[in-house]
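Colleague: Take a look at this one; I'll ask things after.
The values are calculated or read from the model by the stated rules, or taken from the named source; none is laboratory data. The shown structure was predicted, so the numbers you read here are calculated from the model rather than taken from an experiment. A quick note on method: Cβ atoms are made from the backbone with ideal geometry, for glycine too, and the neighbour counts reach across all protein chains shown. SASA here: full protein model, heavy atoms, side chains in, ligands and nucleic acids out. Shrake-Rupley method; radii C 1.70, N 1.55, O 1.52, S 1.80 Å.
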Amino acid sequence: MSVAVRGLQLQGAEVISSNGQRIDISESIDTIDYFEDLLSPCCTLRIRVISAGRIVNSLPIHGGEKVVLKLVTATGEVDRDGDKAFYVKKVSDYASDGQKEVFNLHCISREGLTNETTRCERKYKKLTIDQHVTSILKDVLKTNNFKPENIEKTSNPYSFIGNQKKPFYILTWLLPKSLPVAGKSGTNGSEVKGTSGFFFYENSEGFNFKSIESLVGGINNKDNEVARYVHSGVIEEGTLAVEYKILDYKMNRNIDLQQSLRSGMYSNVTFFYDPYEYRTDFYQYNLKDEILDKLGKQDSIDVPGGFESAPSRILVRTADRGILDPGQIAEDSGRDVADMAKSFARYNLLFTQSLNMTVPCNTKLKVGDVIAAVFPRVTSSSVNKDKDPDQSGKYLIKSLRHHFEANANVTTLGLIRDSYGLT
């Protein structure tokens, strides 16, 4: 059996109450599932406990208890303590027969609970959006669980009012309005330039605020940095050289041209009305002319029949001059006039293809990484060593689940990409 599938050492698992009382559950753990998702601001954890003693009522566990976990696998260790510790959010499927109790312990990062009790109350001045993100993490969520280099700088300043919204709501609301520094931005006459769209998420490194362009074309996309997985239906005995095998996979979504046209992915138009100058501007956005990096080998975004060149969605925006600064009525918030057009197109393109695959447990993988997956070409021959040139290629990890169990440790990946083929 594969080293990564069977190799697991649970070095400690404790539940700590608010008064400091501790209970060791390491001997009672049946399974552990650790989750990350590009669309979720927090990591989560689910522990299935089968205990001969009383845990839930003896501590007792009422929610909010700290959970410290440390385990070692063949590919590295998982150490969730300090700023990275989990906290109990609920207990489910509780059952007791008088001799043992069985339950699921659902946990979340501390910030997931803090988000429910804090609000963004003030006006945020016209600073770059990455500065607002850092401010909300430090001043509102009161967390240091992020690296400064994982908060990507944006090119556009923006001013807004918190309106008593929760921090994660505001951080998510800012994502489609954010423009990467590396890409083109702004408008040029009747042309809209560049792409926009960021993700805010937590992985094993802490919180991240990164653009689609940097995730797709950044350091993780360099050939010598990308983990390469090859399809195999058999778990083999040996060293870590055999750990980069795809045990199982399933395609969830492929191109849906009609849905893509409805979302305005390829081309859309924005009518922008300025009530201060009594003027309406018209901007047409064509994605294939502005996109910088892609995961596949396609040189351009082309659709048979030329549908990608005809605008398929109409967007309407109104300028917000004077709303945030009545003394300077000509001033606006700083939003790009066509950020909706840019972000709608880029988000939809990124989710063009999606698949799930299972690999031997690899704790080095994290959401936001790019990996290479090689799949066999479908032929009538029972022996086929050719790779599929279209389905194989680089994928972005959208979601991740590490499943830890005695002799059954695997990682399930949700993968997405924006174009076909091996680069």
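Colleague: In the set L292, L257, which member is open to solvent by 80 Å² or more (accessible area, probe 1.4 Å) and among the aliphatic types (A, V, I, L, M)? Don't jump to the end; show me each part of the working.
Modeller: Working: L257 fails: open to solvent by 80 Å² or more (accessible area, probe 1.4 Å).
Step by step, each of L292, L257 is checked, and only L292 is open to solvent by 80 Å² or more (accessible area, probe 1.4 Å) and among the aliphatic types (A, V, I, L, M).
Colleague: Quickly run through the range 60-113 and pick out the residues that are of a type in the set (K, R) and open to solvent by 20 Å² or more (accessible area, probe 1.4 Å).
Modeller: Listed by number, the residues that qualify are K66, K70, K84, K89, K90, K100, R110.
Colleague: Restricting to the range 87-102, count the residues that are in a loop (DSSP other than H, G, I, E, B) and touching a residue at least 12 places away in the same chain (Cβ under 8 Å).
Modeller: Going through the range 87-102 one residue at a time, the tally reaches 2.
Colleague: I'd like the residue in the range 35-77 that is of a type in the set (S, T, Y) and modelled with pLDDT of 90 or more and, out of all such residues, is farthest from Y395 (Cα to Cα).
Modeller: Checked the range 35-77; the qualifying residue farthest from Y395 (Cα to Cα) is T44.
Colleague: While we're here: Mind checking whether some residue in the range 316-333 is free of Cβ contacts under 8 Å to residues at least 40 places away in the same chain and either among the hydrophobic types (A, V, I, L, M, F, W, C) or closer than 25 Å to E36 by Cα (or both)?
Modeller: yes
Colleague: Kindly provide the set of residues from the range 12-34 that are touching a residue at least 24 places away in the same chain (Cβ under 8 Å), of a type outside the set (D, E, K, R) and open to solvent by less than 40 Å² (accessible area, probe 1.4 Å), ordered by number. Can you show your working first?
Modeller: Of the residues in the range 12-34, the ones touching a residue at least 24 places away in the same chain (Cβ under 8 Å) are 12-18, 21, 23, 25, 28, 30-34.
Filter once more, keeping what is of a type outside the set (D, E, K, R): 12-13, 15-18, 21, 23, 25, 28, 31-32, 34.
Within the range 12-34, G12, A13, V15, I16, S17, I23, I25, S28, T31, I32, Y34 qualify.
Colleague: Out of the residues in the range 35-54 meeting the condition of being surrounded by fewer than 20 Cβ atoms within 10 Å (Cβ to Cβ) and β-branched (V, I, T), tell me which one is nearest to the chain's Cα centre (by Cα).
Modeller: T44
Colleague: Follow-up. Of all the residues that make up the range 392-423, how many are without any contact (Cβ under 8 Å) to a residue 60 or more places away in the chain and among the hydroxyl-bearing types (S, T, Y)?
Modeller: Qualifying residue count, the range 392-423: 3.
Colleague: Another question, if that's okay. Does T117 satisfy the criteria of being at pLDDT 90 or above, loosely packed, with under 13 Cβ neighbours inside 10 Å, not in a strand (DSSP E or B) and not charged (D, E, K, R)?
Modeller: Judged against the criteria, T117 is a match.
Colleague: Here is a follow-up. Quick one: count up the residues across the range 133-184 that are part of a loop (DSSP other than H, G, I, E, B) and hydroxyl-bearing (S, T, Y).
Modeller: Counting residues in the range 133-184 that are part of a loop (DSSP other than H, G, I, E, B) and hydroxyl-bearing (S, T, Y) gives 3.
Colleague: Now, a different point. Out of the range 264-285, which residues are under 16 Å from V316 (Cα atoms), among the hydroxyl-bearing types (S, T, Y) and surrounded by 18 or more Cβ atoms within 10 Å (Cβ to Cβ)?
Modeller: Listed by number, the residues that qualify are S267, T270, Y283, Y285.
Colleague: Output yes when any residue across the range 134-144 is polar (S, T, N, Q), touching a residue at least 40 places away in the same chain (Cβ under 8 Å), surrounded by fewer than 22 Cβ atoms within 10 Å (Cβ to Cβ) and in contact with a Gly (Cβ under 8 Å, 6 or more places away or on another chain), and no when none is.
Modeller: Checking the range 134-144: not a single residue is polar (S, T, N, Q), touching a residue at least 40 places away in the same chain (Cβ under 8 Å), surrounded by fewer than 22 Cβ atoms within 10 Å (Cβ to Cβ) and in contact with a Gly (Cβ under 8 Å, 6 or more places away or on another chain).
Colleague: Please note which strands (runs of 3 or more DSSP E) are completely contained in the range 1-84 and include at least 3 residues that are not aliphatic (A, V, I, L, M).
Modeller: Working: elements: 8-16, 22-24, 29-37, 44-51, 66-73, 76-80.
Once the strands (runs of 3 or more DSSP E) in the range 1-84 are filtered for at least 3 residues that are not aliphatic (A, V, I, L, M), what remains is 8-16, 29-37, 44-51, 66-73, 76-80.
Colleague: Based on this model, can you work out whether F160 counts as within 18 Å of the chain's Cα centre (by Cα) and closer than 19 Å to S343 by Cβ?
Modeller: Answer is no for this residue.
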